[in-house]
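Q: Okay, handing you the structure first.
The values are calculated or read from the model by the stated rules, or taken from the named source; none is laboratory data. If you're wondering where the values come from, they're calculated on a predicted model, not measured in any experiment. Neighbour counts run over all protein chains shown; Cβ positions are idealised from the backbone, glycine included.
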Amino acid sequence: MRVLFFSLVLLCSKFSIASDLILAKEIKLQSKSLGEQRNLLIKLPKKYHNEENSYPVLYVLHGQWDMLSTLSTLDLLENQIPNFIVVGIESRGKELSPENGKTTPFANFLVKEVVPYVNENYRVADYSILSGHSNSGRFLLDYWLSDNPVFSKYFAFSPSLDDGYIVDKLSKSNSEALKRSAPLTITIANEGEHMQKPFTELTEKLSNLLKASFEFQKFPEQTHRTTKHPSMQFALQSTFAGWEPTYEVKVSGLDGLKKHYTDLSEKFGFKVLVPTETLQRLTAHYAISDNAVEELNKHISFTINQSSEGIDSLFEISDYLSSNGYKEAGDNILNEICNQAKNDQRCSG
């Protein structure tokens, strides 16, 4: 039955519809903090407009350069991590440099203008990540050390540490406050001694703090530039390890599947729905399986009630099975859909 289930994954992929590639929507935000107009690149999840649920936000500094690599990594990790609203923030040069402990204009722009704009205009969950590479990674670490609890997690990829500022600021920071800080992931590429030494000092100091959530990863085979992809992949997979249920959980029954996503919701603090594609494939699995009518009906009922797109996905899989040698299975799905949604126009006649 495992082979059959995974074959259904391939069959269901045929429902995909080709469309034009749209990287992101460009938003021009007039910033009071910066005294100029600044671009944001915003990419919504594929089904954002078809559903009512909220999504976590991934904020990407250096958005003009790092948005593409971020989106390609998210695409590769589909189903292994949540669906994100991704916000690429145009940022550059000296505006990312620290100012002797003062809140910089760019920090004000980020926290007082960008985040409120996103929160007011999109359905956001109460979970966000700030990501930065190179000197935007240093900005991120400086902000993280300032004990500002705006973001749920921080990713710093090959941050610029060679001037010693971050290590020095860490040495002066309150260790008890650091233990309460949001989780932090830091990576480094093959950077040379000028970066390796402060990275080692930084990680050693952070590692000595008990009950703190820090994560470090070296990528000696990567350059400063090429580390973006593997760093983002590592950070996301580590943060959301166990996001996708195992095969055993998927076919253990609806109760086990629901518990998996309920546990994720409790762990991350936002509602996580069972993916419609997963429910669609499991419906096909139980429709074809022997002695699985009860689980089939449970999955159909849950799929219909979880989201507005659920019933459409069930009609799709019913039609597909009926047209590809599984007419009885397709009819069983159709009959149960119409038993539970009698008023749907596709059930009349």
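Q: Mind checking which residues of region 233-248 are surrounded by 14 or more Cβ atoms within 10 Å (Cβ to Cβ) and not in a loop (DSSP other than H, G, I, E, B)?
A: Matches in region 233-248: GLN233, PHE234, ALA235, LEU236, GLN237, THR239.
Q: Looking only at residues that are more than 19 Å from the chain's Cα centre (by Cα) and among the aliphatic types (A, V, I, L, M) in region 141-158, which one is farthest from ILE188 (Cα to Cα)?
A: Ranking the qualifying residues of region 141-158, first place goes to LEU145.
Q: So, one more: So in region 129-138, with the set limited to residues that are within 22 Å of the chain's Cα centre (by Cα) and assigned to a helix (DSSP H, G or I), which one is farthest from GLY164 (Cα to Cα)?
A: Once the filter is applied, the top-ranked residue is SER136.
Q: Another one. It is to be established whether one or more residues within region 200-210 are in the same structural domain as VAL86 (by TED's automatic domain parsing), in contact with a helix residue (DSSP H, G or I) (Cβ under 7 Å, 6 or more places away or on another chain), among the acidic types (Asp, Glu) and over 17 Å from LEU61 (Cβ atoms).
A: yes
Q: Quick one: would you say ASN208 is at pLDDT below 90, surrounded by fewer than 16 Cβ atoms within 10 Å (Cβ to Cβ), more than 23 Å from SER97 (Cβ to Cβ) and among the polar types (S, T, N, Q)?
A: yes
Q: Only one residue in SER313, SER308 is within 26 Å of the chain's Cα centre (by Cα) and surrounded by fewer than 19 Cβ atoms within 10 Å (Cβ to Cβ). Which one?
A: None of the other options fit; the residue is SER308.
Q: Given (1) in contact (Cβ under 8 Å) with a residue 24 or more places away in the chain; (2) out of contact with any Phe, Trp or Tyr (no Cβ under 8 Å at 6 or more places or on another chain); (3) farther than 30 Å from THR185 by Cα, identify the lone condition not met by ASP290.
A: (1) is the only condition that ASP290 fails.
Q: Please give the number of the condition VAL274 fails out of (1) in a helix (DSSP H, G or I); (2) without any contact (Cβ under 8 Å) to a residue 40 or more places away in the chain; (3) surrounded by 19 or more Cβ atoms within 10 Å (Cβ to Cβ).
A: The number of the failed condition is (1).
Q: May I pose another question? In region 78-128, how many are part of a strand (DSSP E or B), at pLDDT 95 or above and of a type in the set (Asp, Glu)?
A: 1
Q: Turning to a different aspect of this structure: I need every pair where a residue in region 317-342 that is part of a loop (DSSP other than H, G, I, E, B) has its Cβ under 7 Å from the Cβ of a residue that is crowded, with 18+ Cβ neighbours inside 10 Å, sequence separation at least 6 or different chains.
A: Filtered contacts from region 317-342: TYR326/ILE288; ALA341/ILE304; ALA341/ILE311.
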